[in-house]
1. Full-extension gain between residue 266 and residue 283, please, as 0.36 nm times their residue separation minus the C-alpha to C-alpha distance.
2. Quick check for you: with a 1.4 Å probe and neighbouring chains kept, what is the accessible area per residue of region 49-176, in Å²?
3. Counting pairs on different chains as well as pairs 8 or more places apart, how many Lys pairs in the chain have Cα atoms under 20 Å apart?
4. Which longest run of the chain has no exposed loop site in it, a site being trypsin sites (Lys or Arg not before Pro) in a DSSP loop with at most 15 other beta carbons within 10 Å, and the site itself not part of the run?
5. DSSP loop GluC sites (Glu not before Pro) in region 207-296 with at most 10 other Cβ atoms within 10 Å of their Cβ, which ones?
6. Would you mind listing how long region 1-104 runs along its three principal axes, going by Cα atoms, in whole Å with the largest first?
7. Would you work out what percent of the accessible area of region 207-315, with all protein chains in place, is carbon or sulfur (probe 1.4 Å)?
8. Return one quarter of the surface area of the convex hull spanned by the alpha-carbon atoms of the chain, equal to its mean projected area, in nm².
Amino acid sequence: MEEKDYGHKPVLLEECLNALAIRPDGVYLDGTLGRAGHSQAILRCLTTGRLIGVDRDLAAIEAARERLAEFGDRVTLVHGNFSDLEDILRNLGITGIDGMLFDLGVSSPQLDEPRRGFSYMHDAPLDMRMDETAELDAGQVVNTWSGEELRRILYEYGEERYAPQIARAIVRGREDKPIETTGELVEVIRSAMPGKALREKQHPAKRSFQAIRIAVNGELDALPPMLEAAAEGLAPGGRLAVITFHSLEDRIVKQKMRELATGCTCPPEFPVCVCGKKPKLKLVNRKPIVSGPAELEENPRARSAKLRVAERTEY
C-alpha cells in the first residue's frame, strides 16, 4: 500500500535514530512531534517499547494521530509546550526515559500553510502561533509593542542589522491603520531597508519574520527549562538529541548541555569541591552533526540543521 505523503521530510533522520541508540523495549519521547516523521521511524524500531509525542500545535497532534494509528496504544500524544516537560512527565507518571528528541523551530507544514502567517512568501493574517489556542499572535506584537521592544527583538532574535530602521517604519506604518497581513508587513520592512540590502540573495523580511515568530512563541525562553527537565527525566545511559536551525537556538543548547555536563562549579582555587554538583550529562558529540550532500539535495531546509547529542550519566 502506498504511504500517504504528510508534507514533511524528517531532518537528519538516520542520524537521530543512531544518536538515540534505540532499544526495542525502550521508552522514547518526541518533544516536537510535528507530522510525526521522526516518531514513526522510532516506533518502527520498537517491539514492546513505547513513544510519547508532544506538540503545542493541535493540527500536528491530529495529523500524528492518523499517521501513527497503526501503533495503537504504544503511542501517547500530548498537547503541550516542551517548556512544561517536567509537568508533562509528572502527569504521565513516567520516569527513566531511554531517549528524547527535540526538533526545534517551525515545521514545514506550518511554513507551507499560508493561513498560519509564518511565511513572508504568502499574504495572510499576521498570526505565527505554533499553538493556535495561545493568546499572543504576531499582529499584537507588530501593532502594540513599543518601538524599542520591536527594535530589541529584531536585533536579538533576528540578528537584523537594520532593526532600528525597521522598528521605526513599523511604528510609523501602524499610526494610520493596523498592519494586518504578512504582505503588508513585508512592504513596511522593504520600505525601511537600503537598496543594497534589498539586492541581497536572502529575502529582506526573513530575519524580521524569524524574530517576530520567536517572540510570539517564546521559543528561546523555553529551551533552558526543557533541557533541565530532559536531563532529569532520562534514565542512566538515556540519550538526548536536539536539532537546531539557527545560531541563537544552537548557542543556548550548546551552552546548556555543556553546563549540565560540567558538574562542579567551585572556583579553581578551592582544594576540594564544596558545591556537591555532579554532571547530569556527558556530551556524545563535541561538534554538531550536520546533513550530508544527499539530504541537502533532497531537502534544502536541512541546510542549517545541527544535531547535538548528550547522554545521561549514572546517578
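1. Working: separation 17, 0.36 × 17 = 6.12 nm, distance 2.07 nm.
Taking 0.36 nm per residue and subtracting the Cα distance, the gain is 4.0 nm.
2. It amounts to 46 Å² per residue over region 49-176.
3. 17
4. Between exposed loop sites, the widest span is 5-160.
5. Details: sites: 219, 228, 232, 249, 259, 269, 295; in loops: 269.
Those satisfying the criteria are 269.
6. Principal extents (largest minus smallest coordinate, Cα): 38, 29, 25 Å.
7. 55
8. Seen from a random direction, the Cα hull of the chain projects 19.1 nm² on average.
The values are calculated or read from the model by the stated rules, or taken from the named source; none is laboratory data. All values derive from a computational prediction rather than experimental measurement. Quick reminder, even Gly has a Cβ in these numbers, built from the backbone with ideal geometry, and neighbours come from all protein chains shown. Side chains are part of the model used for accessible areas, which takes the heavy atoms of the whole protein and leaves out ligands, DNA and RNA. Shrake-Rupley method; radii C 1.70, N 1.55, O 1.52, S 1.80 Å.
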